[in-house]
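Structure first, then comments.
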Amino acid sequence: MDQRVKQRQDTIRQLLDSDSLTLDTARAALLSLLDVTASAQTGPDVTSYGTDGSLSREVVDAKYEGQEQVGDDLDATMLHALQSAQE
């Protein structure tokens, strides 16, 4: 993990632990995250292969497979956390 990512995650953790975090802010953040995971899980379209078709199907498929897996993992983690909080 590079320094930029580590710093961003540290900042997020600090904000989550902050007394100023409201339920509405947390809800908005989770809904935004859900939009990102939905976007990550959409498949390739015509423009995914480059303007001149320079990207091979294997490269594009691998990219979207990786994105879809990350989206699935984030969704599953969020669902588990939310369900656990209600138990």
Next item on the list: Kindly indicate whether any position in segment 45-60 is β-branched (Val, Ile, Thr) and in a loop (DSSP other than H, G, I, E, B).
Entry: yes
Checklist line | Residue match in segment 43-55 (condition: within 23 Å of MET78 (Cβ to Cβ) and either surrounded by 12 or more Cβ atoms within 10 Å (Cβ to Cβ) or under 18 Å from the mean Cα position of the chain (by Cα) (or both)) | finding: yes
Notebook entry, point to check: Any residue at all in segment 24-42 that is acidic (Asp, Glu), at negative phi, in a helix (DSSP H, G or I) and surrounded by 13 or more Cβ atoms within 10 Å (Cβ to Cβ)?
Noted result: no
Next item on the list: Check whether at least one residue in segment 68-81 is among the polar types (S, T, N, Q) and open to solvent by less than 70 Å² (accessible area, probe 1.4 Å), and report yes or no.
Entry: no
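The values are calculated or read from the model by the stated rules, or taken from the named source; none is laboratory data. Everything quoted here is computed from the prediction, not taken from an experiment. Methodologically, a virtual Cβ is constructed for each residue, glycine included, from the backbone with ideal geometry; neighbour enumeration extends over all protein chains shown. With ligands, DNA and RNA removed, areas are computed over all heavy atoms of the protein, side chains included. Shrake-Rupley method; radii C 1.70, N 1.55, O 1.52, S 1.80 Å.
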